[in-house]
Amino acid sequence: MTDVENSDVMIELEDLTKMYPGQPVPAVDHVNMRIPRGEIVVLVGPSGCGKTTTMKMVNRLIEPTSGRIVLDGEDVTKVNANQLRRRIGYVIQQIGLFPHQTIKQNIATVPKVLGWDKDRIDHRVDELLRTVGMDPEEFRDRYPKELSGGQRQRVGVARAMSVDPDVMLMDEPFGAIDPITRERLQNEFLRVQAEIRKTIIFVTHDIDEAIKMGDRIAILQEQSHIAQFAPPEEILTAPANDFVADFIGSGASLKRLNLTRIRDIQLHADAPVVDVNDDITTARQRLRDSDWTALLVVDAERRPQRWLRPTDLKRPSADLHQGGLPVDATVEPQATLADALNEMIISNAGCVVVTDGRGAYQGVADIDTIMASIRAMRAQVDEYYRAAKLLDIEGEVAV
Amino acid sequence: MAVDLVDDVALKDEAATQVSPRHRTQGLSPARKVWRYVAMPLFLTIVLVGFYLYISGQELDTIEARQLTRPIIQGRLTEHIYVSAISTFFVVLLAVPLGIFATRPSLQRFTPGIIGLGNFGQAIPSLGMLTIINLFALTVTWLPSTGTVPAVLALVAYSTLPILRNTMVGLRQVDPNLLEAGRGMGLSNFQVLRKIEMPLAVPVVLAGVRTALVINIGTAALVFLYGAGGLGTLIFQGFQLRREPILLTGAVLTATLALLVDYLAGLVEEWLTPRGI
């Protein structure tokens, strides 16, 4: 287990135990965990392992039978539970937006209870909607049923952040969303988290999600016994025991695609790009000068618009404003290689365009880029095993 | 390097925003929307006008003519509405809190008893209930045994169940995830009840109130037995004196009143149902 420096601990669980009456064994048995400030700690494990119970004891939706919860140095095991919960953001899988309230009223729930004035609430609601990438003008007065699943999830996150809590609990927050939207929301959430640096306890049963989202992962066995608590790299390269190895499953190296982010790899920066307002001869010239088979058109804000092939440019009526194929595969720098690969496979072009937070063009990644990265990873893993083997031999020699 | 462009655009956009109708009437054509509101009043008007013409065309004897005057009918109608309204008011005051009480997790042990009480009220025939209340009032000295007070008591006892049951059902059908979300963000139990449970239970509770109203208007036809008047007086007199026009007037007015009140309560229900559900 990787231990965490004392000074930096935001949440500390000490011998936390939940015993239900009439049950022979505790549901959660003496959990000890230190959660560093500003990190996402993922609790992952098979269903029934007590991960949700453990999480719900932190905001005391489930009262612990024994043990202590220390939040930012303060023992909160016995304080008023409602006041404690107002300091902790809470997102559940079913989101739980109140259907009879508008988006704004939903987000304003806790600020209202805390007696904020109207201007402050209005301002905060708009700010939060923008943070989660929704236009306040368009959405604040809508009702939850007028939103898509992904939009509801965003509002759920915004609502949990309404009073800017230092700590957030998320119980399978992306569990009920289709895979493609889920991936986008995960990336978006990581982007938001990079700015807000909340301390987050995140529960999931999906090891891939855990690897992607977690700064640290706690793999839990029955009764919430911690099998391993470590950063994802360590869990993948050095599983603590057979349970962890089984839980990660086969293809641990493939899973490492979830660890490497687009921003960490070498992109193709030499793609021929033209501004949509450039003239067509410039475009033809650029494409001819490159060894690419298509040309990327970007708008005035450098947001990718469409791919144009030589045939699209050859026509006398050719126009940079139309034709070609729309750019449908874009990823942001914090997307993982797995996301990029996924986009690549379902897109109409065999590559993905990388854009920054505002949507401006940064580069292009293709299958070769990703292969190169996989090769580097394999080399690392091989090295690790060689190192491990060497250690074993030395150990035997010593005996 | 090669950019392999394939001419099919994969569907990968987030599901388009679905905007479902805000109100039950939205989505209907304008003509049907108007019809929905106009049909019942129109029908009742036709019935009343038709009935008026029928009675006017009859030769009324002295007894009939004496009963079927405007002040008498108006008086009976007012008594009827008064007793029904008062008893509905009290039954709401009694049954809604009882329903809330019975659904609190900490008070679940009282639930069967409360439901049993409501069932008891409705299982007894209305006439029997009137008798029981009358006997009860006779033994309790401070309670008048005739007039409006025992009448209202009987109606309240008789119509508690629909409101009680609907309040409980309405509160129980609220998605438990919403309650967890509310509690998880630090709302107190009372705030969860007031801000989440009650607004979401309103449509079902109101449906119960509507049923109770209609039951009360029907049962109020019997409160003449207490000397509390009402349209039942006309029915009973017409029956005893074998004067059909009087009996019919009482019966038609009671039925029309019940239908009209049901219609109006429906409008209120629609108006009070929170948007978004």
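Examine segment A:28-44 for a residue that is part of a strand (DSSP E or B) and either at pLDDT below 90 or charged (D, E, K, R) (or both), and state whether such a residue exists.
yes
Pairs please, first residue from segment A:110-122 and away from chain B (no Cβ under 13 Å) and within 20 Å of B:R194 (Cβ to Cβ), second anywhere and surrounded by 15 or more Cβ atoms within 10 Å (Cβ to Cβ) and hydroxyl-bearing (S, T, Y), Cβ atoms under 9 Å, 6+ apart in sequence or on different chains.
A:I121/A:S162
Search segment A:50-60 for residues being touching a helix residue (DSSP H, G or I) at 6+ places or on another chain (Cβ under 6 Å) and either away from every other protein chain (no Cβ under 14 Å) or surrounded by fewer than 18 Cβ atoms within 10 Å (Cβ to Cβ) (or both), and hand back the single one that is modelled with the lowest pLDDT.
Looking at residues that are touching a helix residue (DSSP H, G or I) at 6+ places or on another chain (Cβ under 6 Å) and either away from every other protein chain (no Cβ under 14 Å) or surrounded by fewer than 18 Cβ atoms within 10 Å (Cβ to Cβ) (or both), I get A:G50.
Every residue in segment A:49-69 that is among the β-branched types (V, I, T) and either in contact (Cβ under 8 Å) with a residue 60 or more places away in the chain or not in a strand (DSSP E or B) (or both), please.
Within segment A:49-69, A:T52, A:T53, A:T54, A:V58, A:I62, A:T65 meet the criteria.
Do we have A:D72 as within 12 Å of chain B (Cβ to nearest Cβ), in contact (Cβ under 8 Å) with a residue 24 or more places away in the chain and surrounded by fewer than 17 Cβ atoms within 10 Å (Cβ to Cβ) here?
Taking the combined requirement at face value, the residue does not satisfy it.
Say we look at segment A:146-180 and pick out the residues that are of a type outside the set (D, E), facing chain B (nearest Cβ under 9 Å) and touching a Ser or Thr at 6+ places or on another chain (Cβ under 8 Å); which of these is nearest to A:G133 (Cα to Cα)?
A:Q151
As an exercise: evaluate B:A137 against (1) surrounded by fewer than 18 Cβ atoms within 10 Å (Cβ to Cβ); (2) without any contact (Cβ under 8 Å) to a residue 24 or more places away in the chain and give the number of the one condition it does not meet.
Exception for B:A137: condition (1).
Looking for whichever is at pLDDT 90 or above, over 20 Å from B:R172 (Cβ atoms) and either in contact with a strand residue (DSSP E or B) (Cβ under 9 Å, 6 or more places away or on another chain) or hydroxyl-bearing (S, T, Y) (or both) here; the options are B:T69, B:T78. Which one fits?
The unique qualifying residue is B:T78.
Here's a check for you: in segment A:132-145, which residue that is within 26 Å of A:L114 (Cα to Cα) and at the interface with another protein chain (Cβ under 9 Å from one of its Cβ atoms) is surrounded by the fewest Cβ atoms within 10 Å (Cβ to Cβ)?
A:R142
Does B:P105 fit the bill of being exposed (fewer than 12 other Cβ atoms within 10 Å of the Cβ) and out of contact with any helix residue (DSSP H, G or I) (no Cβ under 8 Å at 6 or more places or on another chain)? Steps first, please.
Working: exposed (fewer than 12 other Cβ atoms within 10 Å of the Cβ): yes; out of contact with any helix residue (DSSP H, G or I) (no Cβ under 8 Å at 6 or more places or on another chain): yes.
When the stated conditions are applied, B:P105 passes them.
Given the condition in a loop (DSSP other than H, G, I, E, B), more than 14 Å from chain A (Cβ to nearest Cβ) and of a type outside the set (A, V, I, L, M), answer yes or no: does some residue in segment B:175-194 qualify?
Going residue by residue through segment B:175-194, those that are in a loop (DSSP other than H, G, I, E, B) are B:175, B:185-188.
Then drop every residue that is not more than 14 Å from chain A (Cβ to nearest Cβ), which leaves none.
No, segment B:175-194 contains no residue that is in a loop (DSSP other than H, G, I, E, B), more than 14 Å from chain A (Cβ to nearest Cβ) and of a type outside the set (A, V, I, L, M).
Examine segment A:205-212 for a residue that is touching a helix residue (DSSP H, G or I) at 6+ places or on another chain (Cβ under 6 Å), more than 10 Å from chain B (Cβ to nearest Cβ) and more than 28 Å from A:P239 (Cα to Cα), and state whether such a residue exists.
no
Listed residues A:R315, A:R288, A:R263, A:R284; which is away from chain B (no Cβ under 14 Å) and touching a residue at least 40 places away in the same chain (Cβ under 8 Å)?
Selected residue: A:R263, the only one of A:R315, A:R288, A:R263, A:R284 that is away from chain B (no Cβ under 14 Å) and touching a residue at least 40 places away in the same chain (Cβ under 8 Å).
Could you tell me which of the residues A:A335, A:A360, A:A329 is more than 16 Å from A:A271 (Cα to Cα), of a type in the set (G, A, S) and under 22 Å from the mean Cα position of the chain (by Cα)?
A:A335
Take the residues of segment A:75-88 that are surrounded by fewer than 14 Cβ atoms within 10 Å (Cβ to Cβ) and closer than 15 Å to A:L16 by Cβ: which is nearest to the other protein chains (Cβ to nearest Cβ)?
If we filter segment A:75-88 for residues that are surrounded by fewer than 14 Cβ atoms within 10 Å (Cβ to Cβ), which is where we start, we get A:75, A:78, A:80, A:83.
Filter once more, so that each one left must be closer than 15 Å to A:L16 by Cβ: A:75, A:78.
Numbers: A:D75: 18, A:K78: 16 Å.
It comes out as A:K78.
Just name the residue that is farthest from A:R182 (Cα to Cα) out of those in segment A:344-360 that are away from chain B (no Cβ under 12 Å) and at pLDDT 85 or above.
So, considering only residues that are away from chain B (no Cβ under 12 Å) and at pLDDT 85 or above, the one farthest from A:R182 (Cα to Cα) is A:A360.
With among the hydrophobic types (A, V, I, L, M, F, W, C), surrounded by 15 or more Cβ atoms within 10 Å (Cβ to Cβ), over 23 Å from the mean Cα position of the chain (by Cα) and under 27 Å from B:P144 (Cβ atoms) as the only criterion, which of B:L225, B:L247 stands out?
Step by step, each of B:L225, B:L247 is checked, and only B:L225 is among the hydrophobic types (A, V, I, L, M, F, W, C), surrounded by 15 or more Cβ atoms within 10 Å (Cβ to Cβ), over 23 Å from the mean Cα position of the chain (by Cα) and under 27 Å from B:P144 (Cβ atoms).
Could you go through segment A:218-232 and let me know if any residue there is among the charged types (D, E, K, R), over 30 Å from A:R120 (Cβ atoms) and within 14 Å of another protein chain (Cβ to nearest Cβ).
No, because not a single residue in segment A:218-232 is among the charged types (D, E, K, R), over 30 Å from A:R120 (Cβ atoms) and within 14 Å of another protein chain (Cβ to nearest Cβ).
Would you confirm whether or not segment A:154-161 contains a residue that is assigned to a loop (DSSP other than H, G, I, E, B) and modelled with pLDDT under 90?
Just the residues of segment A:154-161 that are assigned to a loop (DSSP other than H, G, I, E, B), to begin with: A:161.
Of the ones still in play, those that are also modelled with pLDDT under 90 are none.
No, there is no match, as no residue in segment A:154-161 is assigned to a loop (DSSP other than H, G, I, E, B) and modelled with pLDDT under 90.
Give me the residue from segment A:322-343 that is touching a residue at least 24 places away in the same chain (Cβ under 8 Å) and assigned to a helix (DSSP H, G or I) and, out of that set, farthest from the other protein chains (Cβ to nearest Cβ).
The qualifying residue farthest from the other protein chains (Cβ to nearest Cβ) is A:L337.
The values are calculated or read from the model by the stated rules, or taken from the named source; none is laboratory data. Because the structure is predicted, anything quoted here is derived from the model rather than measured. For neighbour counting, all protein chains shown are included, and Cβ atoms are generated from backbone atoms with ideal geometry for every residue, glycine included.
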